[in-house]
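This report refers to the structure that appears directly beneath it.
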Amino acid sequence: MEMTTPVFTRKGESNGQSMDMTTPVITKKSAGTNKWKMSFVMPAKYGSNLPRPKDPSVIIKEVPSKIVAVAAFSGLVTDDDINQRESKLRESLRKDTTFRVKDDSVVEVAQYNPPFTLPFTRRNEIALEVERNDIA
């Protein structure tokens, strides 16, 4: 994907660095609001040497590993669809004996295709962070 705002690897560099479309692009609704945050999973080849974003509102953040339960689906992603799929995933996890949804888990939506991809060929996922049930 060509970045809308070019990404630079060194201060003063005049040409932006083009990056392939990375997968997935993750969106997550901020707790208690109607605002969504978007995250891009960066290729491992960059390691700790990620190009610096030109836009100061873009933050580079390392996310610690976690266990998630995922439901995959195709098509366009709508708020209603996310809510329905989240409810079904939570219901399935209530019946699971190994994992349970973490108390502070917020649904994340992962989208794996460029915007111009036909809806029926798109790969999407919703994910909830889970933890192992205590075994007594």
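When N is the residue count of segment 7-132, what does its C-alpha Rg come to as a fraction of 2.2 N^0.38 Å? Before the final figure, lay out each step's value.
Numbers: Rg = 16.9 Å, N = 126, 2.2 N^0.38 = 13.8 Å.
Expressed relative to 2.2 N^0.38 Å, the Cα Rg reads 1.22.
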Among the lysines, which fall within straight-line cross-link reach of residue 28, defined as a Cα-Cα distance under 28 Å, with same-chain neighbours fewer than 8 residues apart omitted? 37, 45, 54, 61, 66, 88, 95, 102
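What is the dipole size for segment 7-132, taken about its Cα centre, with +1 at each Lys and Arg Cβ and -1 at each Asp and Glu Cβ, in debye to the nearest 20?
Working: 21 positive and 16 negative charges, 53 e Å.
The dipole magnitude comes to about 260 debye.
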Under the Karplus curve 6.51 cos²θ - 1.76 cosθ + 1.60, θ = phi - 60°, whole-Hz ³J(HN,Hα) for segment 42-49, x wherever Gly or Pro sits: 8, x, 4, 4, 7, x, 8, 9
Using the beta-carbon distance between residue 55 and residue 87 and R0 = 35 Å, what value does 1/(1 + (r/R0)^6) give for FRET efficiency, to the nearest 0.05? 0.50
Under 5 Å between amide H atoms, partner at least 5 residues away or on a different chain: which partners does residue 123 have, H built in plane at 1.01 Å? 112, 113
Place +1 on the Cβ of every Lys and Arg and -1 on the Cβ of every Asp and Glu in segment 7-132, take the dipole about the Cα centre, and give the residue among 99, 34, 64 whose Cα lies farthest towards its positive end. 64
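Would you mind calculating the gained length between residue 67 and residue 33 on full extension (0.36 nm times residue separation, minus the Cα-Cα distance), in nm to one decimal? It would help to have the intermediate numbers written out before the result.
On the way: separation 34, 0.36 × 34 = 12.24 nm, distance 2.46 nm.
Length gained, residue 67 through residue 33: 9.8 nm.
Which net charge results for the neighbourhood of residue 94, defined as the other residues with beta-carbon distances under 13 angstrom from its beta-carbon, given Lys and Arg at +1 and Asp and Glu at -1? List each step's numbers first, then the result.
On the way: positive: 88, 90, 95, 100; negative: 86, 91, 96.
The answer is +1.
Name the trypsin sites (Lys or Arg not before Pro) in segment 70-114 that are in a loop by DSSP and that have at most 14 other C-beta atoms within 10 Å, would you? Spell out each step's value before the answer.
On the way: sites: 85, 88, 90, 94, 95, 100, 102; in loops: 95, 102.
In loop regions of segment 70-114 (DSSP not H, G, I, E or B), the sparsely surrounded trypsin sites (Lys or Arg not before Pro) are 95, 102.
Read-outs: derived from the displayed coordinates by stated rules, not from any lab. Because the structure is a prediction, the values reported are computed rather than measured. A quick note on method: Cβ atoms are made from the backbone with ideal geometry, for glycine too, and the neighbour counts reach across all protein chains shown.
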